[in-house]
Structure formats: structure tokens, C-alpha cells
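As C-alpha cells, the structure follows; a few thoughts come after it.
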Amino acid sequence: MTLWHIALIAAGAAIVLAILAAAVKRDWIALPIVLVIGYVLALRVAGIPTPTDGWFSPVLGAELVALATAGGGPLVAFVLRVIVKTPQKLGKHGGIVLDDDDGHKRGKPERHEVLRGGTTIGYLERFAVAGAVLVGQPAAVAIIVAVKGLGRFTELDSAAARERFIVGTLLSLIWAAVCTAGIISAW
């Protein structure tokens, strides 16, 4: 067994951790996935050649695409939980619950949920970023970000929503790019 085969096994285990973290809503469970990507990149930097088996690179590549897609959600959730100064209550649909300023003027605050569906959008975003880079179209990342920004524009009235959107999007894009670098390094 080579160091690259260990990377293959570790990537499979990391996918399981990412899925488990999302399923039980315990984002910290997924933190070791960062080590897996670091390990893959370290193998490439060290110049260790990948196995010449015809199946190896495509399987590792598929695992890293899955890790880019599924692993970003728990990582983004963890970072937002740690760095956001005023934690927001999460709504039924995964968005954040905010008080409506107009409701305060009428004497009773109305609450509404913004940034709903962020988990699903994040999965699609990371998958699209990895796919765009792998097919040689990194400029498509700008289109992905533009579409996401336009789609969320009306929900970004509050500072809390803007902070979550910007931090979440940037971290999600960085995670997808790092995982894609791992794929490219394994080829």
C-alpha cells in the first residue's frame, strides 16, 4: 500500500464524516476532512508519484469532488458558528430568522427567515465550481458567484444576512477550489 492509497482510503472516510456531520447537525465532526485535503496536496508537493493503475486517479478524483461538495457545508457551518459575533437563530428551512424592522415600528416585531435553502445552494455551488475548473472553464466560477449574488440580492438587507452570505460563499468557494487542486494534483 502506497501513501496515495492511504489518501484514497482517507478521502472515503472523510466523505462519511462529512455526511455524518450534516446528518446529525454536528459540524465539528467534519473538521478532520481538512487534514485529508492537506495530505493529498502534501503528497503532490513532495513529488510522490500517483499509482499508475488506470482506476486510481478517477476514483480519487470522484472522491475529492464528493468531498468538495459534501464537506463544505459542515465547514462553513462551523466557521460561521465560530466567527459570527451575533449568532442568529436558524429557521425551519435552514435560513436565519431575523426581526423585521417595520414590525418594531408597529409595536410588535415580525420575524422572517432569510437565506433559506443555503445548504442545497452550497452543494450545487461547490459541485459546479469543481466541475467548471475540472473541465477547464474556471471563468465559469464568476458566473456561479454572480447568479448566486443576484438570487440572494433581495435577502441581503440586514448586516447579519450579508455577513453570513459573504463569509459562507467565500469559504465555500475556497473549499471547492482547494479540493479541486487536490484532484488536479492527483492526475
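The values are calculated or read from the model by the stated rules, or taken from the named source; none is laboratory data. Only a predicted model underlies this, so the values are computations on that prediction, with no experimental measurement involved. Note: ideal-geometry Cβ built from the backbone for every residue, glycine included; neighbour counts use all protein chains shown.
Some values worked out for this structure:
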| quantity | calculated |
| --- | --- |
| Of all residues making up the stretch 36-89, the number that are among the polar types (S, T, N, Q) and modelled with pLDDT of 90 or more | 1 |
| Pair list, Cβ < 7 Å and 6+ apart or interchain, from the stretch 11-31 residues that are closer than 12 Å to V76 by Cβ and touching a residue at least 60 places away in the same chain (Cβ under 8 Å) to residues that are assigned to a helix (DSSP H, G or I) and of a type outside the set (A, V, I, L, M, F, W, C) | A22/G73; A22/P74 |
| Qualifying position, being modelled with pLDDT of 90 or more and farther than 23 Å from V133 by Cβ, among L8, L3 | L3 |
| Selected residue (only one of G47, G72, G54, G61 is part of a helix (DSSP H, G or I), farther than 30 Å from A159 by Cβ and of a type outside the set (D, E, K, R)) | G61 |
| Residue, surrounded by the fewest Cβ atoms within 10 Å (Cβ to Cβ), within the stretch 151-187, restricted to residues that are of a type in the set (S, T, Y) and part of a helix (DSSP H, G or I) | T154 |
